[in-house]
Amino acid sequence: MKRRLFSIVAGALFIGFALLIPMISIPKLGISWDEPFQRHYGDVITRWITEQDPQLYQDSERYYGPLVPTLLYIPEAMGWTTDPIAIYEIRHWINWAIFLTAIPFTFLLSRRAGLPRHWSLVSAAVLMTTPVIAGHGLFNSKDIPFLTICLTSTWLWCWYLDNMSLKRALILGIGFGIALLSRINAMNVIALLLLVGITIRRPSLRELSTLIATTLGTTIVCYVGWPTLWHNPWVEFKTAVITMANYPWSGYVLFNGELISAQHLPWTYIPVWIGITLNPIAIAIFISSCLYGLYTIPRWIRTPNLALSLVGAISVIPIGIGILTEITFYDSWRHLFFVYPGLLILSVYGLSRIISLIPKGGVLGLGIGIIYAITTAITWATYFPYVHCYLNSFAGPRESIIYNWEMDYWGVSYRELLTQIPAAAILPENLPASANIELVPLPKRSQFTVVNTPDSATLFITNHRLRRGPLPYPKAGEISRDGFPLATAYRLKP
């Protein structure tokens, strides 16, 4: 009876959070930097499929996986609405639904790793409520879907290794094909899964032969679902792999107060960004779990935990590669969001084992959980709905934080800013500043004018991207959280 009641309460909390957060957040969130490009890519794919429009082969986005852009464009392609506000809000709802798909798979992988039901629910709940991850889940149509696809691929691989039948091999191939349609870099995750899984499971040659069906299923799904490959498939696939392996972006990032080339980042870039964007309690738990893992290495070598080894491989190894090699990263650590669920499962597993070794460890675990829940709730309340901008106390003083780190680099706070300020001739610092005019209420929307020079502008609109110091203009409006601005309108003329 108690177990049933616990399940009902837990389910109600999950469902309540899953519905309440987007209902309150999405009407406030604006258009992120990448969304116009993703929307255009979805349109190009749709027109290629329906009209054979050759623009696809000139589109700069064609080597990105087509799955999510096409999925997000379906409501618009079907003519459900032509209102920009409705279009982008529907896109955000779909993106949130993709993120929510990761939650049950986090629970299932935690169970496969040997965690009891209540600890597995903790893993799922923490993923669902982590500010930097859940905040991106509302609008980030590149990195969050990839997080979900990596989780589902890992679970599928575990499921297949339980019984390496031909049927499961084919289903696995379909799953891997969908993963590649999400992002071509999924092939690196798949390679890690195959290497670690086969090493630990040690299947027979007969069982391994079923992977032929997996390869066939992956190839068919990838080819049929990716219109870019319909013309000269091998050359286009090879080009996609080379292009996306280390995307050739030559810009600069703001890191600890310095402008640094994204192609020549210090080895500390990823560890520091992870360290300042997560709850300090979560960081302490992860470090403790790592120490516990080092202490128990001999036992894991003798009797390896398959699921734990798999999630560890696809989370720890990519971080190591990112630290040791000059891979291009920008905009915080969003390109590595897919490693977070694995790090989370490892952390919860380690915490559960440490607590089991301590007298009255259950009380300690409950206390840690309560403190974590309270501090996370405070973060949501402080930053809402821009929780993706959360930086902990390790990031430094609040008053100078925008001069040291990227904040709302996506520009989704522009929508609220443009709604608050008077309509005028604006000089936008970047694309989201002008794109979000589409989400201003219609009567006011037409009154904004976008200009290209300060002389003809009344207001300068900025999200402080790469900001190194204050600007000498009076403020006409500002969106701020936790003592620092996310988006500001500066008055250039009286």
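Can you report the number of residues in the stretch 112-121 which are part of a helix (DSSP H, G or I) and aliphatic (A, V, I, L, M)? Reasoning before the result, please.
Let us first name the residues in the stretch 112-121 that are part of a helix (DSSP H, G or I), namely 112, 117-121.
Those still in the list that are aliphatic (A, V, I, L, M) too: 121.
So the answer is 1.
Mind listing just one residue for me: the one in the stretch 88-132 that is farther than 17 Å from Leu71 by Cα and of a type in the set (S, T, N, Q) and, of those, surrounded by the fewest Cβ atoms within 10 Å (Cβ to Cβ)?
Only one residue fits best here, namely Thr129.
Within the stretch 181-229, which residues are surrounded by 14 or more Cβ atoms within 10 Å (Cβ to Cβ) and without any contact (Cβ under 8 Å) to a residue 40 or more places away in the chain?
Of everything in the stretch 181-229, those that are surrounded by 14 or more Cβ atoms within 10 Å (Cβ to Cβ) and without any contact (Cβ under 8 Å) to a residue 40 or more places away in the chain turn out to be Ile190, Leu194, Ile198, Tyr223, Leu229.
Quick one: is Glu416 surrounded by fewer than 22 Cβ atoms within 10 Å (Cβ to Cβ), modelled with pLDDT of 95 or more and not assigned by TED's automatic domain parsing to the domain that holds Pro131?
yes
What are the pairs, 6+ residues apart or on separate chains, where a residue within the stretch 35-60 that is basic (Lys, Arg) has its Cβ under 7 Å from a residue that is buried (at least 16 other Cβ atoms within 10 Å of the Cβ)?
That search, which allows pairs on different chains as well, returns Arg39/Tyr73.
Find the helices (runs of 4 or more DSSP H) located wholly in the stretch 225-320 whose residues include 1 or more that are closer than 30 Å to Gly42 by Cβ, and list them.
Qualifying helices (runs of 4 or more DSSP H): 233-245, 269-277.
Just checking, which of Leu265, Leu254, Leu308, Leu291 is modelled with pLDDT under 95, touching a Ser or Thr at 6+ places or on another chain (Cβ under 9 Å) and hydrophobic (A, V, I, L, M, F, W, C)? Lay out the reasoning, then the answer.
Values: Leu254 fails: touching a Ser or Thr at 6+ places or on another chain (Cβ under 9 Å); Leu308 fails: touching a Ser or Thr at 6+ places or on another chain (Cβ under 9 Å); Leu291 fails: touching a Ser or Thr at 6+ places or on another chain (Cβ under 9 Å).
The conditions single out Leu265.
Quick one: in the stretch 329-358, of everything that is modelled with pLDDT under 90 and not in a helix (DSSP H, G or I), which residue is surrounded by the fewest Cβ atoms within 10 Å (Cβ to Cβ)?
Among those residues, the one meeting the criterion is Ile358.
Answer yes or no as to whether Tyr160 is in contact with a Lys or Arg (Cβ under 6 Å, 6 or more places away or on another chain) and farther than 30 Å from His231 by Cα.
Numbers: in contact with a Lys or Arg (Cβ under 6 Å, 6 or more places away or on another chain): yes; farther than 30 Å from His231 by Cα: yes.
When the stated conditions are applied, Tyr160 passes them.
Does at least one position in the stretch 332-339 carry a residue that is hydroxyl-bearing (Ser, Thr, Tyr), in contact (Cβ under 8 Å) with a residue 40 or more places away in the chain, out of contact with any Cys (no Cβ under 7 Å at 6 or more places or on another chain) and in the same structural domain as Asn140 (by TED's automatic domain parsing)?
First, the residues of the stretch 332-339 that are hydroxyl-bearing (Ser, Thr, Tyr): 332.
Checking which are in contact (Cβ under 8 Å) with a residue 40 or more places away in the chain leaves us with 332.
Cutting the leftovers down to out of contact with any Cys (no Cβ under 7 Å at 6 or more places or on another chain) gives us 332.
Restricting the remaining residues to those that are in the same structural domain as Asn140 (by TED's automatic domain parsing) gives 332.
Yes, the conditions are met somewhere in the stretch 332-339.
Given Gly177, Gly135, which one is crowded, with 20+ Cβ neighbours inside 10 Å, within 23 Å of Ile317 (Cα to Cα) and either modelled with pLDDT of 95 or more or in contact with a strand residue (DSSP E or B) (Cβ under 9 Å, 6 or more places away or on another chain) (or both)? Quick ask: steps written out before the conclusion?
Numbers: Gly135 fails: within 23 Å of Ile317 (Cα to Cα).
Among Gly177, Gly135, only Gly177 is crowded, with 20+ Cβ neighbours inside 10 Å, within 23 Å of Ile317 (Cα to Cα) and either modelled with pLDDT of 95 or more or in contact with a strand residue (DSSP E or B) (Cβ under 9 Å, 6 or more places away or on another chain) (or both).
For the stretch 139-151, indicate whether the set of residues that are in the same structural domain as Ala213 (by TED's automatic domain parsing) and farther than 30 Å from Tyr88 by Cα is non-empty.
Within the stretch 139-151, not a single residue is in the same structural domain as Ala213 (by TED's automatic domain parsing) and farther than 30 Å from Tyr88 by Cα.
Among the residues of the stretch 57-74, is any in a helix (DSSP H, G or I), within 30 Å of Gly293 (Cβ to Cβ) and in contact with a Gly (Cβ under 8 Å, 6 or more places away or on another chain)? Steps first, please.
As a first pass, look at the stretch 57-74 and keep what is in a helix (DSSP H, G or I): 57-58, 67-74.
So of that shortlist, the ones also within 30 Å of Gly293 (Cβ to Cβ) come out as none.
For the stretch 57-74, residues in a helix (DSSP H, G or I), within 30 Å of Gly293 (Cβ to Cβ) and in contact with a Gly (Cβ under 8 Å, 6 or more places away or on another chain): absent.
What are the residues in the stretch 276-300 that are without any contact (Cβ under 8 Å) to a residue 60 or more places away in the chain, crowded, with 16+ Cβ neighbours inside 10 Å and not aliphatic (A, V, I, L, M), if any?
Across the stretch 276-300, the qualifying residue is only Gly293.
The values are calculated or read from the model by the stated rules, or taken from the named source; none is laboratory data. Just so it is clear, the structure is predicted and the values come from calculations on it, not from any experiment. Counting neighbours? That spans all protein chains shown, and the Cβs are built from the backbone with ideal geometry, glycine included.
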